[in-house]
1. Just checking, how many residues over the stretch 36-85 are in contact with a Gly (Cβ under 6 Å, 6 or more places away or on another chain) and either surrounded by fewer than 16 Cβ atoms within 10 Å (Cβ to Cβ) or not in a strand (DSSP E or B) (or both)?
2. For residues in the stretch 161-182 being of a type in the set (Ser, Thr, Tyr) and within 13 Å of Leu120 (Cα to Cα), which is least open to solvent (accessible area, probe 1.4 Å)?
3. Just to check your reading of the model, which residue among Ser41, Ser37, Ser87 is within 17 Å of the chain's Cα centre (by Cα), hydroxyl-bearing (Ser, Thr, Tyr) and more than 30 Å from Asn169 (Cβ to Cβ)?
4. Would you please name the residue that is surrounded by the fewest Cβ atoms within 10 Å (Cβ to Cβ), looking only at residues in the stretch 86-96 that are assigned to a strand (DSSP E or B) and touching a residue at least 40 places away in the same chain (Cβ under 8 Å)?
5. Give me the pairs, please: first residue somewhere in the stretch 164-180 and in contact (Cβ under 8 Å) with a residue 40 or more places away in the chain, second residue anywhere and charged (D, E, K, R), beta-carbon distance under 8 Å, and either six or more positions apart or on two chains.
6. In this structure, is Asp109 touching a Gly at 6+ places or on another chain (Cβ under 7 Å) and of a type outside the set (Gly, Ala, Ser)?
7. Determine whether the stretch 45-60 contains at least one residue that is modelled with pLDDT under 75 and within 27 Å of Ser87 (Cβ to Cβ).
Amino acid sequence: MNRLSLLSLVSLLAACDGQAPKQSFLSPTPPATYTLSGVVSEMTPTGPEAIQGAIVSQRNSVKAIALTHADGRYRMSGLSAQRQTVSVTMPGFITETTAVTMTGDTQLDVRLERMASHILSGMVFEKTATGQVPVEGVEIYCDSCGSPDGHTFTSSDANGFYSFSWAQNGVHPLLVWKDGYDVID
């Protein structure tokens with residue numbers, strides 16, 4: 001409608017009951033929000049096992065984050081009615097990312113898989129005129145070895161051997177030192 005016809009309609013309505021038209025202002029209703037909840041677990045030889053301490057987050061949001069409890073349960077409230085991208089992370093596990101369309105409170109159970117781990121081992125030796133001689137007590141540090149969190153130290157044994165029981169596939173720089181020795185590649 002153009003402005004003139006809207007004014008005519010208001011005048012016509014006012015004339016019908018003899019009173020001036022009442023204006024009403026509707027306050028906008030807040031957008032609906034929903035709760036996302038569920039259980040994070042891993043499959044073990046004896047069946048599913050809850051994962052405590054996993055981080056469940058709505059991608060690109062610092063507000064929508066939950067931490068799983070001892071029973072693997074989490075809960076995130078206040079999510080808008082739209083498609084959400086949810087990530088579940090835990091050191092030592094492969095991150096799981098899932099898209100969820102929120103049309104009401106939603107349950108999302110997530111099963112994580114452990115990252116493959118390998119043993120990283122070797123021998124520390126000293127070159128002498130008669131050949132290689134194992135060196136005991138050499139300190140070795142690997143930033144990305146050891147438990148899923150990394151930052152692991154070990155020492156070479158009497159045969160010069162060392163081992164890190166948890167390492168991902170790839171290159172792992174090692175820091176090696178012992179008083180009285182220089183490291184040579």
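1. Of the residues in that region, 2 qualify.
2. Narrowing the stretch 161-182 to residues of a type in the set (Ser, Thr, Tyr): 162-163, 165, 181.
Okay, now just the ones that are also within 13 Å of Leu120 (Cα to Cα), so 162-163, 165.
Values: Tyr162: 35, Ser163: 61, Ser165: 91 Å².
Here the answer is Tyr162.
3. Ser37
4. The qualifying residue surrounded by the fewest Cβ atoms within 10 Å (Cβ to Cβ) is Phe93.
5. His172/Asp143; Val176/Glu139; Lys178/Glu139
6. Yes.
7. Scanning the stretch 45-60, I find at least one residue that is modelled with pLDDT under 75 and within 27 Å of Ser87 (Cβ to Cβ), so the answer is yes.
To keep it simple, each residue is scored yes or no on (1) touching a helix residue (DSSP H, G or I) at 6+ places or on another chain (Cβ under 6 Å); (2) of a type in the set (Val, Ile, Thr); (3) open to solvent by less than 60 Å² (accessible area, probe 1.4 Å); (4) part of a strand (DSSP E or B).
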position	(1), (2), (3), (4)
Thr98	no, yes, yes, yes
Glu126	no, no, no, yes
Gln132	no, no, no, yes
Gly150	no, no, yes, no
Asn159	no, no, no, no
Ile184	no, yes, no, no
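The values are calculated or read from the model by the stated rules, or taken from the named source; none is laboratory data. From a predicted model like this one, the values you see are computed outputs, not experimental measurements. Methodologically, a virtual Cβ is constructed for each residue, glycine included, from the backbone with ideal geometry; neighbour enumeration extends over all protein chains shown. Remember, those area values only see protein heavy atoms, side chains included, never the ligands or the DNA or RNA. Shrake-Rupley method; radii C 1.70, N 1.55, O 1.52, S 1.80 Å.
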